[in-house]
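Enquirer: Have a look at the structure that comes next, please.
Read-outs: derived from the displayed coordinates by stated rules, not from any lab. What you see is a predicted model; the values in this text were computed from it and never measured. Note: ideal-geometry Cβ built from the backbone for every residue, glycine included; neighbour counts use all protein chains shown.
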Amino acid sequence: MTRFPALALSLALLAAPAFAEVTAVVEKDGILTDANGMTLYTYDEDKDGMSSCYDQCAANWPPLAAGADAAAEGDYGLTDRTDGTKQWTYKQMPLYLWVKDAKPGDMTGDGVNGVWHVAKP
């Protein structure tokens, strides 16, 4: 019985958001993906860690959203979007998904219009 509170505390600490922050981005096979294995992209038009992809652009290239309690760690950071949400960045480049990628491993957005690129660690 005396071990149960310690076990419960250990499990609670493992579930705390601070341990799950960067799991929104996964480095796999030389590319960055979201937690579901969907390829992440960067946009050449983004500057100074800020997104320039809004409206129709963001409809086609959904920003990789970060929770309100997300915290930057190492090369992974956050940028504030004009709608009040936060977006994950990697080395100050905002990260996006591509609506035409249908399943994990698809990389159909790489090279679109010469300005979209697979995000690589």
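Enquirer: Test of the criteria: in region 84-121, which trypsin sites (Lys or Arg not before Pro) are in a DSSP loop and have at most 15 other Cβ atoms within 10 angstrom of their Cβ?
Expert: Within region 84-121, the qualifying trypsin sites (Lys or Arg not before Pro) (loop, at most 15 other Cβ atoms within 10 Å) are Lys91, Lys100.
Enquirer: So, in nm, how far is label Ser52 from label Lys120 when the simple model puts each one 7 Å beyond its Cα toward the Cβ?
Expert: For Ser52 paired with Lys120, the spin-label model returns 2.3 nm.
Enquirer: Separate question: Under a straight-distance cross-link criterion of Cα-Cα below 22 Å, which lysines are reachable from Lys100, leaving out those fewer than 8 residues away in the same chain?
Expert: Correct list for Lys100: Lys28, Lys120.
Enquirer: Within region 39-121, report the chymotrypsin sites (Phe, Trp or Tyr not before Pro) that DSSP leaves as loop and that have at most 13 other Cβ atoms within 10 Å.
Expert: The qualifying sites are Tyr54.
Enquirer: Hey, which lysines would be in cross-link range of Lys47, C-alpha to C-alpha under 17 Å, not counting anything within fewer than 8 residues on its own chain?
Expert: Leaving aside lysines fewer than 8 places away in the same chain, those within reach of Lys47 are Lys86, Lys91.
Enquirer: Mind checking the full-extension length gain between Thr85 and Met107? Use 0.36 nm per residue of separation minus the Cα-Cα distance, one decimal, nm.
Expert: 5.4 nm
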